[in-house]
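Asks: One structure is given below, represented as structure tokens, and several questions about it will come after.
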Amino acid sequence: MKINTNPVRGTRDFGPQEMELRDYVTNVIMEIYRNHGFTRIQTPVLENIDLLLGSDGGENLKLIYKILKRGNKIDLSQENLKEIDLVDMGLRYDLTLPLSRFYANNYSILPSTFKGMQIGEVFRAERPQKGRYRSFYQCDIDIIGEESEIAELELILTTSEALLALEFKDFIIRINDRRILTGLIQHAGFKEEDVNSICITFDKLDKIGLEGVEKELKGKEYSDEIINKFIAILTDINQGIEISEMEKFGIEQSVLNPLSNLIDIVEKQSKGKFKIKFDPTIVRGMGYYTGIIYEIQCDGLGVSIAGGGRYDKMIGQFMKSDVPAVGFSIGFERILSIMQDKNFKIPNSSQKIAFLFDKEKDHLSSVIEKSDELRADKNIVALIQKGKKIGKQLDNLKEQGFDSFCIYGEEIEVKKLG
């Protein structure tokens with residue numbers, strides 16, 4: 001039987017050129033994060049199933065990869081077995097929950113205000129389609145221990161600097177506050193315990209429109225009176241609304257003032273390179289958000305390339321008291337896809353040289369010495385055996401990303417490819 005050598009559906013292999021771009025993007029982002037005082041941590045891809053299922057991960061809780069118990073931990077002879085009886089671990093669906101667990105486990109040795117960064121693989125049992133994968137990377141920065149909007153300000157400016165360094169221009173930061181969403185929902189007449197469910201539906205506004213939101217809410221059997229009032233509110237804010245106007249929906253100034261202040265400062269610091277605007281329709285799918293939330297969209301693309309927000313209640317699930325926390329995640333796979341579509345070229349001061357030699361005729365020690373001399377001049381040099389059809393070989397080398405070549409001899413002359 002022929003073995004299927006394709007990667008598992010929803011996952012991907014990456015070749016040398018793809019990895020070169022992924023490494024470049026990672027290094028650019030990490031250097032900027034480090035320059036702003038963030039330090040890197042790493043957590044396991046595996047987490048205890050109780051921790052994963054007990055989180056406020058919204059729709060992602062339905063997409064957790066669960067791992068069977070092993071050996072004598074699993075007893076298949078039990079009657080009325082349920083799924084939870086068979087599993088004890090799962091794969092992480094994001095980096096925020098593991099960070100919260102990490103902080104709770106290590107807070108005694110961490111600074112009072114901890115600035116962490118993570119780049120790691122996460123897993124979701126998605127239905128594979130273009131742009132959606134079951135295995136993908138996230139790139140997060142978080143500030144734990146700072147309760148004021150100073151944390152959001154630093155995250156927004158740091159993330160924006162990283163995107164600008166990767167040649168993303170004219171992007172828009174859409175910003176809101178989960179407490180505004182809660183206020184709008186309760187102003188319409190929904191109960192406090194309904195808020196997360198309403199937010200999950202509201203989050204689909206861009207995809208299904210007001211009619212779709214109304215239909216889904218009716219399917220949840222809420223009263224027509226409350227639904228109609230909520231849809232009227234959405235219609236009102238969809239037409240454009242200033243932060244100051246949110247008072248008419250019962251939103252307190254203690255919520256509105258920090259948000260307004262944050263927008264003003266970011267506008268000044270952007271120097272016209274990007275925009276920020278208040279958008280009360282921003283939800284963010286995770287149920288753990290408690291305050292300011294934000295997304296970054298690229299002009300003309302209509303997709304989010306970064307997002308995050310404040311989650312002041314999550315860490316408290318693992319400790320005796322709540323700890324203020326806020327994060328921002330760059331959509332690593334999405335920005336890579338956009339860069340590849342635009343044929344992004346990695347800026348590189350070093351030449352990438354293919355050093356061709358004849359294994360049968362040339363002295364290998366001398367070949368290595370000559371190649372090392374080129375490397376000493378900060379060139380990237382790969383030793384490659386010279387083929388029979390040199391013209392075809394040079395074409396292939398150019399496709400592989402080499403920009404120059406040389407052939408071993410008494411005089412080494414480096415020539416440009418193409």
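Rundown of residues vs (1) surrounded by fewer than 17 Cβ atoms within 10 Å (Cβ to Cβ); (2) under 19 Å from GLN138 (Cβ atoms); (3) touching a strand residue (DSSP E or B) at 6+ places or on another chain (Cβ under 8 Å); (4) free of Cβ contacts under 8 Å to residues at least 12 places away in the same chain, yes/no style:
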{"site": "GLY308", "(1), (2), (3), (4)": "no, yes, yes, no"}
{"site": "ALA325", "(1), (2), (3), (4)": "no, yes, yes, no"}
{"site": "GLY331", "(1), (2), (3), (4)": "no, yes, yes, no"}
{"site": "MET339", "(1), (2), (3), (4)": "no, yes, no, no"}
{"site": "ILE368", "(1), (2), (3), (4)": "yes, no, yes, no"}
{"site": "LYS378", "(1), (2), (3), (4)": "yes, no, no, no"}
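Asks: State whether the residues of the stretch 282-302 include one that is modelled with pLDDT under 95, in a strand (DSSP E or B), within 26 Å of MET339 (Cα to Cα) and among the β-branched types (Val, Ile, Thr).
Replies: no
Asks: Within the stretch 390-412, which residues are part of a loop (DSSP other than H, G, I, E, B) and either in contact with a strand residue (DSSP E or B) (Cβ under 6 Å, 6 or more places away or on another chain) or surrounded by 10 or more Cβ atoms within 10 Å (Cβ to Cβ) (or both)? Step through it out loud before you land on a result.
Replies: Taking the stretch 390-412 and keeping what is part of a loop (DSSP other than H, G, I, E, B), we get 400-403, 408-412.
Across the stretch 390-412, the qualifying residues are GLN400, GLY401, PHE402, ASP403, TYR408, GLY409, ILE412.
Residue by residue, here is whether (1) surrounded by 11 or more Cβ atoms within 10 Å (Cβ to Cβ); (2) within 26 Å of SER160 (Cβ to Cβ); (3) in the same structural domain as GLU149 (by TED's automatic domain parsing); (4) touching a strand residue (DSSP E or B) at 6+ places or on another chain (Cβ under 6 Å) holds:
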site	(1), (2), (3), (4)
GLU216	yes, no, yes, no
ASP224	no, no, yes, no
PHE230	yes, no, yes, no
ILE237	yes, yes, yes, no
GLU242	no, yes, yes, no
MET246	yes, yes, yes, no
LEU259	yes, yes, yes, yes
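Asks: Could you please give the count of residues in the stretch 220-253 that are charged (D, E, K, R) and not in a helix (DSSP H, G or I)? First the steps, then the outcome.
Replies: Within the stretch 220-253, the first condition is being charged (D, E, K, R), and the residues that meet it are 220-221, 224-225, 229, 236, 242, 245, 247-248, 252.
Applying the additional criterion that residues be not in a helix (DSSP H, G or I) yields 220-221, 242, 252.
Selection size over the stretch 220-253: 4.
Asks: If you take the residues of the stretch 24-50 that are surrounded by fewer than 14 Cβ atoms within 10 Å (Cβ to Cβ), modelled with pLDDT of 95 or more and of a type in the set (D, E, K, R), which of them is nearest to ASN343 (Cα to Cα)?
Replies: Here the residue is GLU31.
Asks: Quick check, is PHE168 hydrophobic (A, V, I, L, M, F, W, C), assigned to a loop (DSSP other than H, G, I, E, B) and in contact (Cβ under 8 Å) with a residue 60 or more places away in the chain? Before the answer, list the steps.
Replies: Details: hydrophobic (A, V, I, L, M, F, W, C): yes; assigned to a loop (DSSP other than H, G, I, E, B): yes; in contact (Cβ under 8 Å) with a residue 60 or more places away in the chain: yes.
Yes; evaluated as a whole, the condition is true for this residue.
Asks: Still on this structure, I have one more. Within the stretch 74-86, does at least one residue satisfy the condition of being over 30 Å from LYS398 (Cα atoms), in contact (Cβ under 8 Å) with a residue 12 or more places away in the chain and touching an Asp or Glu at 6+ places or on another chain (Cβ under 8 Å)? Break it down stepwise before answering.
Replies: We begin by selecting, within the stretch 74-86, every residue over 30 Å from LYS398 (Cα atoms); these are 74-86.
Retained after the next criterion (residues that are in contact (Cβ under 8 Å) with a residue 12 or more places away in the chain): 74, 83-84, 86.
Next cut, touching an Asp or Glu at 6+ places or on another chain (Cβ under 8 Å) only: none.
So far as the stretch 74-86 goes, no, none of its residues is over 30 Å from LYS398 (Cα atoms), in contact (Cβ under 8 Å) with a residue 12 or more places away in the chain and touching an Asp or Glu at 6+ places or on another chain (Cβ under 8 Å).
Asks: Tell me which residues, restricted to the stretch 192-207, are part of a loop (DSSP other than H, G, I, E, B) and surrounded by fewer than 16 Cβ atoms within 10 Å (Cβ to Cβ).
Replies: LYS204
Asks: Pick from LEU217, LEU153, LEU210: which is modelled with pLDDT of 90 or more, more than 24 Å from LEU97 (Cβ to Cβ) and in a helix (DSSP H, G or I)? Spell out the reasoning first.
Replies: Values: LEU217 fails: modelled with pLDDT of 90 or more; LEU210 fails: modelled with pLDDT of 90 or more.
Answer to the selection: LEU153.
Asks: Considering SER148, SER108, SER160, which residue is in the same structural domain as GLY90 (by TED's automatic domain parsing), of a type in the set (S, T, N, Q) and surrounded by 19 or more Cβ atoms within 10 Å (Cβ to Cβ)? So that I can check it myself, show each step before the final result.
Replies: On the way: SER148 fails: surrounded by 19 or more Cβ atoms within 10 Å (Cβ to Cβ); SER108 fails: surrounded by 19 or more Cβ atoms within 10 Å (Cβ to Cβ).
Testing whether each residue is in the same structural domain as GLY90 (by TED's automatic domain parsing), of a type in the set (S, T, N, Q) and surrounded by 19 or more Cβ atoms within 10 Å (Cβ to Cβ) leaves just SER160.
Asks: Which of the residues spanning the stretch 359-389 are farther than 28 Å from ASN343 by Cβ, β-branched (Val, Ile, Thr) and assigned to a strand (DSSP E or B)?
Replies: Answer for the stretch 359-389, where residues must be farther than 28 Å from ASN343 by Cβ, β-branched (Val, Ile, Thr) and assigned to a strand (DSSP E or B): there is none.
Asks: Looking at the structure I just gave you, is SER270 modelled with pLDDT of 85 or more, among the hydroxyl-bearing types (Ser, Thr, Tyr) and either over 26 Å from GLU193 (Cα atoms) or touching a helix residue (DSSP H, G or I) at 6+ places or on another chain (Cβ under 8 Å) (or both)?
Replies: Working: modelled with pLDDT of 85 or more: yes; among the hydroxyl-bearing types (Ser, Thr, Tyr): yes; either over 26 Å from GLU193 (Cα atoms) or touching a helix residue (DSSP H, G or I) at 6+ places or on another chain (Cβ under 8 Å) (or both): yes.
Judged against the criteria, SER270 is a match.
Asks: Within the stretch 295-307, how many residues are within 24 Å of TYR103 (Cβ to Cβ) and touching a helix residue (DSSP H, G or I) at 6+ places or on another chain (Cβ under 7 Å)?
Replies: Adding up the residues that qualify gives 1.
The values are calculated or read from the model by the stated rules, or taken from the named source; none is laboratory data. Predicted, not measured: the structure shown is a model, and the values here were computed from it. With ideal geometry, Cβ positions are generated from the backbone for all residues, glycine too; neighbour counts draw on all protein chains shown.
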